[in-house]
Amino acid sequence: MDKEVYRIVVPTPFPVGDVNMYIVKGDRLTLIDAGVKTEEAWQAFQRQLHEIGYEPSDIEQVVLTHHHPDHVGLLDYLPDSIPVIAHPKAQPWIRKDPEFLAWHQHYFEQFLIECGMDAALLPQLPKFRRSLRYSCERSLTTAVSEGDRIGGLEDWTVIETPGHAQSHIVLYREKDGLMIGGDHLLAKVSSNPLLEPPEIGKTERPKPLLQYNDSLKKLLRYEIAKIKTGHGEDVTGVPELVEKRLAKQHERAEQVLEMLVHEPLTVFDVCRQLFPTVYEREFLLTMSETIGQLDYLEHIGAVVKRKENDAYLFYEVVGSR
Ligand SMILES: [Zn+2]
């Protein structure tokens, strides 16, 4: 079934470990996702590409499942002329648009104060910026969204799956149920819905965990035989895994609700209790997870938030369980 889809695995400097890229032999030789910008990844990519009979110059187009550095970085090693296809929300990230990055920084500094964060910890923020050095500086050639087909890959349909990233898409081939799924659903680990700012000038931020849950449930509408993932092995048994991930998330939300029984807490208080040993090291990841659980609890009516001084306090809604 997969004879037209080849997996290439390259190392990353991130805790997630290796990242997968795929070569799809459609009418155009297409690379799906583009690793991370390191010399090691570039060498590993060229070696494996050679093993299947190609050189980087044979690649006719690149499709990105989402904008994270470990999925786009090697674009900087590929010729400028290669068309780059992705969701429009990937554009400010892969371009490293200075206006967008400044907006991002500004938005989060304000937002973290509302989360009850100690201003002394604000210097942690640049850490996330540092991961951008493994990203690329390229521009989209073609923006794709829900239901689109990509030239040269006529069998495949684009499905939007926001949550892990606002720009996240998957590709689905109806005739045999094969999906190229990026980081939407991974075999061994749950995918992190990461916090991103609203678009420039907008005030309402996306709620990534709620989006993610919707995007997970969206998979149940398709007959998926197998998902080729961004990290680790292929996923089969999609409905069971979706149920498992949703149940696990609900369990974690209950754990958060338990913390609010005795006293109201800020996002940052909850984050420290949930991740006492890692929150400083993995700040963006742990804050994203915490905010996600609180968004979820608010959505199901189990908590309400009130602004006191500069920060929001979350209260349990008595009788909500
Ligand atoms: Zn990712």
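The values are calculated or read from the model by the stated rules, or taken from the named source; none is laboratory data. Predicted model, so just to flag it, every value in this text is computed and none were measured. Virtual Cβ from ideal backbone geometry, glycine too; neighbours counted across all protein chains shown. Surface areas here come from the heavy atoms of the whole protein model, side chains and all, with no ligands, DNA or RNA. Shrake-Rupley method; radii C 1.70, N 1.55, O 1.52, S 1.80 Å.
Numerical summary
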read-out: Hydrodynamic radius by Kirkwood, which averages 1/r over all alpha carbon pairs of the range 174-288, in angstrom; value: 16.1
read-out: Accessible surface of L122 - all protein chains present, 1.4 Å probe, nearest 10 Å²; value: 40
read-out: Percent RCO, i.e. relative contact order, over the range 213-321, from Cα pairs under 8 Å lying at least 6 residues apart; value: 22
read-out: Equivalent ellipsoid dimensions for the chain as semi-axes, Å, which come from the Cα gyration tensor, largest first; value: 36, 22, 17
read-out: Span from the the range 28-106 Cα centroid across to the the range 253-269 one, whole angstrom; value: 40
read-out: Ranking by accessible area, most exposed first, for K37, K228 with a 1.4 Å probe; value: K37, K228
read-out: For the range 186-227, accessible area per residue (1.4 Å probe, heavy atoms of protein chains only), Å²; value: 53
read-out: Across K89/K202; K248/K307; K25/K217; K207/K244, pairs whose alpha-carbon gap is larger than 19 Å; value: K248/K307; K25/K217; K207/K244
read-out: Mean Cα-pair separation over length for the range 1-119, i.e. relative contact order, pairs under 8 Å, 6 or more apart, %; value: 20
read-out: Highest to lowest packing among 69-76, 230-237, scored as the average C-beta count within 10 Å; value: 69-76, 230-237
read-out: Where the Cα pairs of the range 276-321 fall when distances are cut into 10 Å bins, in %; value: 25, 41, 31, 3
read-out: For E263, net neighbour charge (Lys/Arg +1, Asp/Glu -1) across residues whose Cβ lies under 15 Å away; value: -1
read-out: For the range 155-228, the Rg and Dmax computed from alpha carbons only, in angstrom; value: 13.2, 43
read-out: Fraction of beta bridges assigned by DSSP in the chain that are antiparallel (%, nearest 5); value: 70
read-out: The range 22-80 shape via C-alpha gyration tensor axes, a/c threshold 1.5; value: oblate
read-out: Average accessible area per residue (Å²) across the range 46-116 - probe 1.4 Å, nucleic acids and ligands excluded; value: 41
read-out: Low-density loop cleavage sites - GluC sites (Glu not before Pro) in the range 240-321, where at most 13 other Cβ are within 10 Å (DSSP); value: E280
read-out: Computed [θ] at 222 nm, deg cm²/dmol, the chain (DSSP H ≥ 4; -39,500 (n - 2.57); rounded to nearest 500); value: -9500 deg cm²/dmol
read-out: Å² of accessible area per residue within the range 234-321, as computed with a 1.4 Å probe and no ligands counted; value: 53
read-out: Spatially proximal aspartates and glutamates relative to K305 (Cα-Cα < 17 Å; intrachain offsets below 8 disregarded); value: E114, E204, E254, E258, E263, D269, D295, E316
read-out: Per DSSP, loop trypsin sites (Lys or Arg not before Pro) in the range 163-209 with at most 12 further Cβ within 10 Å; value: K175, K188, K202
read-out: Accessible surface of the range 115-183, 1.4 Å probe, proportion on carbon and sulfur as whole %; value: 47
